[in-house]
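The values are calculated or read from the model by the stated rules, or taken from the named source; none is laboratory data. Please read all numbers here as calculations on a predicted model, not as lab measurements. All Cβ positions, glycine included, derive from the backbone under ideal geometry; neighbour counts span all protein chains shown. Just the protein is used for accessible areas: all its heavy atoms, side chains included, with ligands, DNA and RNA removed. Shrake-Rupley method; radii C 1.70, N 1.55, O 1.52, S 1.80 Å.
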Amino acid sequence: MREIDGYCERLSPAYWAEPVNAVTNAAFLLAAWVMWRRVRGQGLPLANLLVAILAVIGIGSYLFHTHARVWAALADTTPILLFILVYIFAVNRDIWRLSTPKAAVLTALFIPYAALTIPLFQLVPGLGGSAAYAPVPLLILIHAYLLRARRPQEARGLAIGAAILIASIAFRALDAPLCARVPMGTHFMWHLLNATMLGWMIEVYRRAMMDAVSPAGVAPRRTHS
């Protein structure tokens, strides 16, 4: 199968051709562990699902940066898309307080939204393949703006998450242009910042659920272990 050579650090088809890019995926597992400890026992099934997906993102990305094959690329990107969709659904249902069917329909609209906006971001000089991720911080900022009056704490949290993701995308985009000056590339910063950002986004959702009444009419409560 064809090798995918898309990053500065990879100089050969060897398993450990991207040691820094591979090892830094441990940040996703660390973030998942931290957030698992924070959400466990709080009656938040979607938060627990997001934590599990966060761990799978780390595993999938590790496989991609070691095997560098098409199947590994799918193992890398599929969990990311799943995290995005689950998080959008969680925000629609539990922060915007929409019914489950409405939340699901609005979540599905992310696909055409991405299809329409990715070509626009591809016009941005230097963004390259990272344009595929650019619609996400934009959507987060839209939610933050719309929530600023109704849910200011959540809006602030979302805006912080978007800022971290924008910085993360910038490092991803700079990997190839800076390759001559930074031999190991900058893609590893995409991992470290993304792990931080995804963990933070789960925390924003967790805090919102702790502070607000759930759709079922019962406020989740902290449990002591």
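Return yes when V105 is over 15 Å from the mean Cα position of the chain (by Cα), of a type in the set (A, V, I, L, M) and within 30 Å of W16 (Cβ to Cβ) and no when it is not.
No: the conditions fail for V105.
Only one of (1) within 21 Å of R93 (Cα to Cα); (2) open to solvent by less than 50 Å² (accessible area, probe 1.4 Å); (3) of a type in the set (D, E, K, R) is not met by R40, so which one is it?
Among (1) within 21 Å of R93 (Cα to Cα); (2) open to solvent by less than 50 Å² (accessible area, probe 1.4 Å); (3) of a type in the set (D, E, K, R), R40 violates only (2).
Considering only segment 73-85, I want to know if a residue exists there that is in a helix (DSSP H, G or I), open to solvent by less than 20 Å² (accessible area, probe 1.4 Å), within 12 Å of G199 (Cβ to Cβ) and not hydroxyl-bearing (S, T, Y).
Scanning segment 73-85, I find at least one residue that is in a helix (DSSP H, G or I), open to solvent by less than 20 Å² (accessible area, probe 1.4 Å), within 12 Å of G199 (Cβ to Cβ) and not hydroxyl-bearing (S, T, Y), so the answer is yes.
Which residue out of A159, A155 is open to solvent by 20 Å² or more (accessible area, probe 1.4 Å), in a helix (DSSP H, G or I) and of a type outside the set (V, I, T)?
A159
From the list Y145, Y113, Y205, pick out the single residue that is open to solvent by less than 20 Å² (accessible area, probe 1.4 Å), of a type outside the set (D, E) and out of contact with any Lys or Arg (no Cβ under 8 Å at 6 or more places or on another chain).
Y205
Would it be correct to say that E9 is open to solvent by less than 40 Å² (accessible area, probe 1.4 Å), of a type in the set (D, E, K, R) and in contact with a His (Cβ under 6 Å, 6 or more places away or on another chain)?
The answer is no for E9.
If only one of L109, L46, L116 is under 30 Å from L146 (Cα atoms), at pLDDT 95 or above, in contact with a helix residue (DSSP H, G or I) (Cβ under 8 Å, 6 or more places away or on another chain) and not hydroxyl-bearing (S, T, Y), which one is it?
Result of the check over L109, L46, L116: L46.
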